[in-house]
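The values are calculated or read from the model by the stated rules, or taken from the named source; none is laboratory data. Being a predicted model, the structure only gives us computed values, none of them experimental. For neighbour counting, all protein chains shown are included, and Cβ atoms are generated from backbone atoms with ideal geometry for every residue, glycine included. Just so you know, the surface numbers come from the protein's heavy atoms only, side chains and all, with ligands and any DNA or RNA stripped out. Shrake-Rupley method; radii C 1.70, N 1.55, O 1.52, S 1.80 Å.
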Amino acid sequence: MVLEGRHVRLRPLLLGDAGALSRFHDPALFAYYLDWPEDGGLEAYRAYLSRALSDSFRLVFAIEKRASRVVVGHTAFLEMRQAHKALEIGFTLIAKPHQGTPVNPESKYLMLRHAFEEKGAVRVQLKTDERNLQSQRAIEKLGALREGVLRKYQTRKDGYVRNTVIYSILESEWPGVKRGLEARLAHK
């Protein structure tokens, strides 16, 4: 599956993308991640992507800049619960030089549109570490509603047990969220 917008193209993530992602390595990007590459080296990124791609509950995309086809991050559909018409969008990492650009909002727009309009989702959720205020602001700018905090919800590979903030968008909210994202992206 490939999702393409004006600024970005989402396509299946490959182990071969490790080199492109390792070029943008910044330990600060992984401050709130559950898993991360041990260093910025190619082998560390291959191992990191291998773990992500082996998870059968994820559909992971490389985020490419559409004009250049340069990989600038990754994102995924998670916890796909077909019987309940619900899923999660997460595992998003965007290289620092591309944060604050149309990359994240358009990636989320393409994924949300696919979830609601192609897959018939009734609920899409997003989660983040309670300490990650930048991520919370980005999720709120998308139009998602904060539902609450899941206490001691996830354990990082370093043993830290984090509180997780959960957000959602429901099918009835999607038309308004869609209009907001389209207006936001029209000015980029």
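Just want to confirm a number: the relative contact order over the range 22-115, from Cα pairs under 8 angstrom separated by 6+ residues, in percent.
Numbers: 104 pairs, mean separation 17.9, N = 94.
For the range 22-115, the relative contact order is 19 percent.
Calculate the tail of P(r) for the chain: the fraction of all Cα-Cα distances greater than 24 Å, expressed in %.
Tail of P(r) above 24 Å: 36 percent of Cα pairs.
Computed extension length for Phe57-Asp35: 6.4 nm, one decimal, from 0.36 nm per residue of separation with the Cα-Cα distance subtracted.
Averaging Cα coordinates gives a centre for the range 161-186 and one for the range 23-40; these two points are 26 Å apart. Around the Cα centre of the range 1-93, unit charges on the Cβ atoms of Lys, Arg, Asp and Glu (plus for the first two, minus for the last two) sum to a dipole of about 520 debye. Mean sequence separation of contacting Cα pairs (under 8 Å, at least six apart), scaled by the length of the chain, corresponds to a relative contact order of 19 percent. The distance separating the Cα centre of the range 55-89 from that of the range 122-145 comes to 16 Å.
Phe24 contributes an accessible area of around 60 Å² to the protein surface, as traced by a 1.4 Å probe with all chains present. Using a cutoff of 8 angstrom between alpha carbon atoms and counting only pairs six or more residues apart, the relative contact order for the range 100-166 works out to 29 percent. Candidate cross-link partners of Lys65 among the lysines, defined by an alpha-carbon separation under 26 Å and a same-chain spacing of 8 or more, comprise Lys96, Lys108, Lys119, Lys127, Lys141, Lys178, Lys188. Based on Cα atoms of the range 73-144, Rg over Rh with Rh as the Kirkwood radius reads 0.96. Of the residues Ser172, Gly90, Ser56, the one whose Cα sits farthest towards the positive end of the charge dipole of the chain is Ser172 (charges of +1 on Lys and Arg Cβ, -1 on Asp and Glu Cβ, taken about the Cα centre). Neighbours of Lys108, meaning other residues whose beta-carbon lies under 13 angstrom from its beta-carbon, give a summed charge of 0 when Lys and Arg score +1 and Asp and Glu score -1.
Round to a whole number: what % of the accessible area of the chain belongs to carbon and sulfur, probe 1.4 Å?
Percent of accessible area from carbon and sulfur atoms in the chain: 52.
If the viscosity is 1.567 mPa s and the temperature 4 °C, what Stokes-Einstein diffusion coefficient in µm²/s follows for the range 1-97 when Rh is the Kirkwood radius over Cα pairs? Can you show the working numbers first?
Details: Rh = 13.8 Å.
D, rounded to a whole number, is 94 µm²/s.
For the chain, the 222 nm mean residue ellipticity estimated from helices alone, with every DSSP H stretch of n ≥ 4 adding -39500 (n - 2.57) and the total spread over all residues, rounds to -8000 deg cm²/dmol.
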